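Have a look at the structure below, then the notes.
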Amino acid sequence: MDPRLWSKDEERIFFKKTLEIATPEQLFYLTDNGRFLAYWPKKYKGKKTTLQSRNAFIGSYTEKWIKDLLTPLAREFEAYAIHNVVCDEIGLGERSPADVAIVKTPKREQKPEDILLLVEVKMSIVWNWEYHPESGDLDCIGDFTTHQGNPGLLRSDTMLKAIGKSINIRVSGYQSSKIPIIVIGNTPIMKTYYKKVDFLKKAGIIQGFYSVNPNPLDKPSKNNIKSTPEKGFLRVDKINELYNNLEHIIEEDKEFFSSMLPKKELGRIIEVANREPTYEKKAEKFLILLRGIKNE
């Protein structure tokens, strides 16, 4: 297993570091019999409480972790991996910045033309852990099939937030049309999203959902898929697999476009664009004409 990717060891490190600045009650549920657990076990029948405080800690930790993970890739493009990037022109304001972006300049505030890749980070605690406050020990007591939580990309609301934010960027204007967007998590996705993520990739809205956790389950399972049919979702097993995929995404000169036009109007645009001498010129003309249409 590639030590640079997400694992049980990384989760243990998260808890150890965060317990230096947070209380156990902020990171763990407390059972009726006094156990500190990361999640309620499936067989737990006692009193339950909600735990919102951990979200901020794991969110900040994983976003910075992804920034560090992507820094070597950014350097290949003489660029930078930056946390909390702001670009008002494409809908990324102070209240909703990009979690991580690979950009040409080492600053948070960016221009669209300097953004090489936008990354939405949707990672969380995957395994269940028990914390022993007397000794400070942490025991892993099961994977996500043994507890009541739905971590990371297994949560429907998490998927919808990532999709919604990406669509907001796409509809903010044509300046976002050349910027690839990916989502990085640390779990598989639900079966109900297999077709959706493939369609999102094919439609050009999101260039891929990636899990950087090669072994999220303690036992083999058909639900721990390597990828969806069109690779809208991909489980990364080695760091170079991620780097190679993202390198290809960054280097390809692609452009997002969408419209809903009568076939006659669309045919006219295609006919006019087809008069251009090269494929690139045809594409450029097509996009100019498409974007020049004003719907009644």
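None of the figures in this text is laboratory data; all of them are computed from the coordinates on show. This structure is a prediction, so every number in the text was calculated from the model and none was measured. With ideal geometry, Cβ positions are generated from the backbone for all residues, glycine too; neighbour counts draw on all protein chains shown.
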Q: Measure off 7 Å from each Cα along the Cα-to-Cβ vector at K107 and I141, then give the distance between these two points in nanometres to one decimal.
A: 5.0 nm
Q. If you look at just the Cα atoms of the chain, how large are its Rg and its Dmax in Å?
A. 21.7, 77
(Q) So if each residue of separation counts as 0.36 nm, and I subtract the Cα-Cα distance between D2 and E20, what length gain in nm does that give? (A) 3.8 nm
Q | Among the listed pairs K196/K226; K191/K219; K264/K285; K122/K191; K64/K195, those beyond 22 Å (Cα-Cα) | A | K64/K195
Q: Based on alpha-carbon positions alone, could you give the equivalent ellipsoid semi-axes of region 70-144 from the gyration tensor, as √(5λ), descending, whole Å?
A: 35, 15, 11
**Q.** Check: the chain dipole with +1 on Lys, Arg Cβ and -1 on Asp, Glu Cβ, in debye
**A.** 1140 debye
Q: Using a 10 angstrom cutoff on alpha carbons, build the Gaussian network for the chain and name the most mobile of R75, R275, R155.
A: R275
Q: Give, rounded to the nearest 20 debye, the magnitude of the charge dipole that region 104-232 has about its Cα centre when Lys and Arg contribute +1 at Cβ and Asp and Glu contribute -1 at Cβ.
A: 960 debye
**Q.** K191 versus T71: modelled label distance in nm, points set 7 Å from Cα along the beta carbon direction
**A.** 4.2 nm
Q | Mean ellipticity per residue at 222 nm, deg cm²/dmol - from DSSP H runs of n ≥ 4 across the chain, formula -39500 (n - 2.57) | A | -11000 deg cm²/dmol
Q. So if R0 is 25 Å, what FRET efficiency would Y174 and E265 give, r being the distance between their Cβ atoms, rounded to the nearest 0.05?
A. 0.85
Q. For helix 53-76, what angle does its Cα long axis make with the longest principal axis of the chain, in degrees from 0 to 90 and rounded to 10?
A. 50 degrees
Q: Using a/c under 1.5 as the rounded threshold, could you call region 249-296 rounded, prolate or oblate? The axes a ≥ b ≥ c are square roots of the C-alpha gyration tensor eigenvalues, and prolate needs a/b larger than b/c, oblate otherwise.
A: oblate
